Amino acid sequence: MPLPLKSLMALTLLTALFGCGLTSTQAVYEEVRAQEKAKAVGTSAPPNQGLPRYDQYQKERSVLSPESR
């Protein structure tokens, strides 16, 4: 295999692996929130019950966390 082709394949592989590691805490939170919402479909739970949006969660969390020293 020619060297440029090996370099291109290595770069492609590294880029793909790097992209897999970019899962943010917000993405994980929103996925859990979506799963909880999907589980509630067809139950007697009110539609507004459940996890808040990530922005609201972060705001509440920052208020409850102890001050940085």
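Counting Lys +1, Arg +1, Asp -1, Glu -1, what net charge surrounds GLY50 among other residues with beta carbon under 9 Å of its beta carbon?
Residues close to GLY50 contribute a combined charge of +1.
7 Å from Cα along Cα→Cβ at both LYS39 and LEU51: what's the point-to-point distance in nm?
Those two pseudo-labels are separated by 1.0 nm.
Would you calculate the separation in nanometres between label points at GLU31 and LEU5, each defined as 7 Å from the Cα along the Cα-to-beta-carbon direction?
In this crude label model, GLU31 to LEU5 measures out at 3.6 nm.
Every read-out reported here was derived from the displayed coordinates using simple, explicitly stated rules and does not represent laboratory data. What you see is a predicted model, and the numbers here were worked out from it, not measured in a lab. Backbone-built Cβ (ideal geometry, glycine too); neighbour counts: all protein chains shown.
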